[in-house]
Amino acid sequence: MVMNYNNLYKKIFKRKFGQVFLKDTNIIKNIIDLIHPKINQTIVEIGPGTGAITKKLVNLVKYLFLIEIDIDLATKLTNKFSNNNINIICQNVINTNFFILSRQINQKLRLFSNLPYNNCISIIFHVLKYIDVIHDMHFMLQKELANRIIAVPHSKEYGKLSVIMQYYCNIVPLITVSPTSFYPIPKVYSTVIKFIPRNRISINLDKLILILNLAFNQRRKKIRNSLKKLFSVKDLVKYNIDPSLRADEITIDQYYYLTNKINI
Ligand code: SAM
């Protein structure tokens, strides 16, 4: 069922914060079912907006942290939710230290967000720094971006984002959401994805990004050329990686292997 919220949202909508409000109650229920919160858990919602999803979570978990950048919405949320288990933090999530939040409640965090359209990637990269204290993450994002995150080698969507995200997490695409489920109606479909942190040895992310930039910024070039600043043909052969492959033919494990071999 889609309710007519348009007039209500028109008054509060701010484009600069990438605000697109979910109004389809069936989708909201579906998302809550997918998150499957348990009463002893802690959920952090990034960008709760008007609290459309939040209000269905309130009674289902032990603690709820709401991180909202928009002071008007944060004030409204404070008036709406007075429960003891809710902590409303009005700030840019990029400034949130999830280690501190996790320490405060002495457990790992479950993150959820209908991510703001304009800075999904920087938010995702920020939370990756705290992967050790994250139990799982459910993010709704634009379908095109979701496809890049889940892409596998030899596909045109496979790129930097796929390699980085799949190093840190097992990724499960869950549902596709139609533009008509939101106000204002976006031009694109959205996808809800579940990220489950993998038990990985930590990696130097800057080095990985350096390799990925060199490889994918010239994705049609063979890596013997695109990566020549970092590895000689002899090195690549020694590492069992065919120098005549192109960026999108290198597996995720091969990128990590190369990252650990960089000598700078
Ligand atoms: N959760 C609501 C919903 O589904 O209806 C709103 C989702 S809307 C796509 C994104 C929300 O994130 C907005 O409430 C926006 O104000 C908030 N937001 C945008 N950038 C943010 C940031 N850097 N830190 C925290 N919240 C942010």
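Values for this structure:
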item	result
Compactness of the chain as Cα Rg over 2.2 N^0.38 Å, two decimals	1.11
Equivalent ellipsoid, segment 111-264 (semi-axes from 5 times Cα gyration tensor eigenvalues, Å)	31, 17, 12
Estimated vicinal HN-Hα couplings, Hz - segment 246-260 in sequence order (Karplus 6.51, -1.76, 1.60; Gly, Pro = x)	9, 3, 7, 9, 8, 6, 4, 4, 5, 4, 5, 4, 4, 4, 6
Alpha-carbon spread of segment 23-65, three principal axes, descending order, Å	28, 19, 14
Cα-based reach from K194 at 17 Å (exclusive), listing lysines while leaving out same-chain residues under 8 positions away	K29, K38, K108, K143
Cα gyration tensor shape of segment 85-195, rounded if a/c is under 1.5, else prolate or oblate by comparing a/b with b/c	oblate
About the Cα centre, charge dipole magnitude for segment 2-197 (Lys/Arg +1, Asp/Glu -1 at Cβ), debye	260 debye
Carbon + sulfur, % of accessible area of the chain - ligands and nucleic acids excluded, 1.4 Å	51 percent
Share, in percent, of DSSP beta bridges within segment 2-197 that are antiparallel, nearest 5	45 percent
All Cα pairs of segment 73-119, percent lying beyond 14 Å	65 percent
Nearest-ten-degree value, helix 205-216 long axis tilted from longest Cα axis of the chain	70 degrees
Positive-end extreme of charge dipole, segment 129-264 - chosen from S202, P153, P243 (charges on Cβ)	P243
Accessible surface, the chain, averaged per residue in Å² (probe 1.4 Å)	51 Å²
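The values are calculated or read from the model by the stated rules, or taken from the named source; none is laboratory data. Nothing here was measured: the structure is a model prediction, and the numbers come from that model. Cβ: placed from backbone, ideal geometry, glycine included. Neighbour counts: every protein chain shown. Side chains included, ligands, DNA and RNA excluded: accessible areas come from the protein's heavy atoms. Shrake-Rupley method; radii C 1.70, N 1.55, O 1.52, S 1.80 Å.
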